[in-house]
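I have placed the structure first, in the form of C-alpha cells, so that the comments after it can refer back to it.
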Amino acid sequence: MAQYKTPVLIIGSGPAGYTAGIYAARAGLKPLIVSGGQIGGQLTLTTDVENYPGFPEPINGGELMELMKQQALNLGVEFVEDKIIEVDFKQHPFSCNSENYNLFTADAIIIATGASARWLGLESEQKYLGFGVSGCATCDGFFYRGKDVAVVGGGNTAAEEALYLTNFAKSVTLIHRRDTLRADKIMQQRVFNNPKIAIEWNCVIEEITGSDSPKSVTGLRLRNIKDDSTKELKIDGIFIAIGHHPNTEIFQNHLELDNNGYIVTQPDSCQTNIAGVFAAGDVKAPEFRQAVIAAGSGCTAALEAERWLNSRHL
Ligand code: FAD
Ligand code: NAP
C-alpha cells in the first residue's frame, strides 16, 4: 500500500481526465491521474475517429488516447494504474482508497470516470465492435453512406440514432424487443414518418453475422419473441442504442446525482455540490457524448479547480 498526496487528483483516463491533467500540470498543480480499468477510456473501443480536430486523416481511437496520455506525461502528470473504490469528501483534504490498497489524498478532485454503453452481451457483438458494430451514430454514421444499417433499442437514443443515420444510410431497420417504443411521442412520430426507417417489432438479436476478411458485419439473425420464429436480415452495420450507465456507483451518497445516476454540476460549470470536487466529461449527463466535448469539459474542470485552490490560499 502506498500513500499519494497531490493538489489535484483526477479520477479517470479518458479525454476528460487527460485534458484536465494537461491543464492542471501547466498550472503547476502537479496533478495525479488514477487510470481506472479502461486506460484511455471509451475511445479505445473504436477503430477510426475522424471528428477529433487536429487529425486530417482518421486516427485509431486507441492511438489518439495514447497520444493524449503521452502529452499529459510529458507535461509532468503523475499516472497511477489503479481504480478508486471508495471516496471520502466529508473531510479536507479529500481522500480516496483504491483497488490496489493505495490511499490518495488531494486538495481538489476532478471526477472523469465517464459512462459505459450498455451492450447486448453477444460474443459476435464484441468480435465486430469497430468493424460494423458501433455504439455511436454521430461517431460512425458517416462510414455507412449508401449502406443498410440497423439500430437496436426503443428509447430516445435509438430513435435519435435511427433518424440521424437516415442522413447517410440507404435504409435503417429499428429493432425493438417490444411492440411499443419507449421514446417520446414526438420522436416516435418522426421515426414512423421517415420512409427510410423500417421497424422490426418484438425482435431480439440472436447473432451478428459477418466475414473475417475483411472483418465486417454482413447481417443479423433475429428472433421474434412472440412466435419464436427467426429470420436473417442483411445489413452492413448495427448500432447498439440500449442505453448508457454513468460510472458513478462509488459516488452514491457522497455527491448529488440525478435520477439516471449522472453527477449534477452547476450550470455551465464542472462544480459539484461539494466545493473542490469537480466532474467532467460523460459522467455529468452529457447532451452529446463526444470526445471533444469531454476534453473541453476536462479543461473547464482543471481551470475551475485552479481558481478554487487559489481562492483558498488568499
Ligand atoms: P471515458 O472515455 O468513458 O473514460 C472514463 C475513464 O474513467 C476511463 O479511463 C476509466 O478507466 C476511468 N474510470 C472509471 N471508473 C473509475 C474508477 N472507479 N477509478 C478510476 N478510474 C475510473 N466520440 C467522438 O468524439 N468521436 C468518436 O468517433 C467516438 N466514437 C466512439 C465509439 C465508441 C464505441 C464509444 C463507446 C464511444 C465513442 N465516442 C466517440 C464517445 C467518446 O468516446 C466519449 O464521449 C468520451 O470517451 C468520454 O470521455 P470521458 O473522459 O468523459 O470518459
Ligand atoms: P432508455 O430510455 O433506457 O432506453 C433503452 C432502450 O433499450 C429501451 O427501449 C429498452 O427496451 C431497450 N433495451 C434495454 N436493454 C436491452 C437489451 N438487452 N436488448 C434489447 N433492448 C434493450 O435509454 P436511452 O434511450 O439511452 O435514454 C436514456 C435517457 O436519456 C432517457 O431518459 C431518455 O429520455 C434520455 N434521452 C433523451 C433524448 C432527447 O430528449 N432528445 C435523447 C436521448 C436520450 P424496453 O423499452 O423494452 O425497456
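The values are calculated or read from the model by the stated rules, or taken from the named source; none is laboratory data. This is a predicted model, so every value here is computed, not measured. Neighbour counts are summed over all protein chains in view; Cβ atoms, including those assigned to glycine, are modelled from backbone coordinates with ideal geometry. When the accessible area is computed, the model is the full protein with side chains, heavy atoms only, and any ligands, DNA or RNA have been set aside. Shrake-Rupley method; radii C 1.70, N 1.55, O 1.52, S 1.80 Å.
Any chance the stretch 271-280 includes a residue that's under 18 Å from residue 136 (Cβ atoms), more than 15 Å from ligand 2 (Cβ to nearest atom) and under 17 Å from the mean Cα position of the chain (by Cα)? Write out each step before concluding.
Of the stretch 271-280, the ones under 18 Å from residue 136 (Cβ atoms) are none.
No, there is no match, as no residue in the stretch 271-280 is under 18 Å from residue 136 (Cβ atoms), more than 15 Å from ligand 2 (Cβ to nearest atom) and under 17 Å from the mean Cα position of the chain (by Cα).
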Residue 277 fails exactly one of the following numbered conditions: (1) closer than 16 Å to residue 18 by Cα; (2) buried (at least 16 other Cβ atoms within 10 Å of the Cβ). What is the number of that condition? (1)
Determine the pairs where a residue that is open to solvent by 30 Å² or more (accessible area, probe 1.4 Å), located within the stretch 96-120, has a partner that is among the basic types (Lys, Arg) with Cβ atoms under 7 Å apart, the partner being 6 or more residues away or on another chain. 99/83; 105/5
Tabulated pairs, the stretch 166-183, first polar (S, T, N, Q), second open to solvent by less than 20 Å² (accessible area, probe 1.4 Å), C-beta under 6 angstrom, 6+ apart or interchain: 166/172; 173/150
Taking the stretch 119-146, which residues are away from ligand 2 (no atom under 16 Å from the Cβ), farther than 18 Å from residue 50 by Cβ and among the aromatic types (Phe, Trp, Tyr)? 128
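For (1) open to solvent by 60 Å² or more (accessible area, probe 1.4 Å); (2) not basic (Lys, Arg), each residue gets a yes or a no:
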| site | (1), (2) |
| --- | --- |
| 226 | yes, no |
| 235 | no, yes |
| 261 | no, yes |
| 310 | yes, yes |
Please work out which residue is nearest to ligand 1 (Cβ to nearest atom), limiting yourself to the stretch 287-301 and to residues that are closer than 15 Å to residue 138 by Cα and without any contact (Cβ under 8 Å) to a residue 40 or more places away in the chain. 293
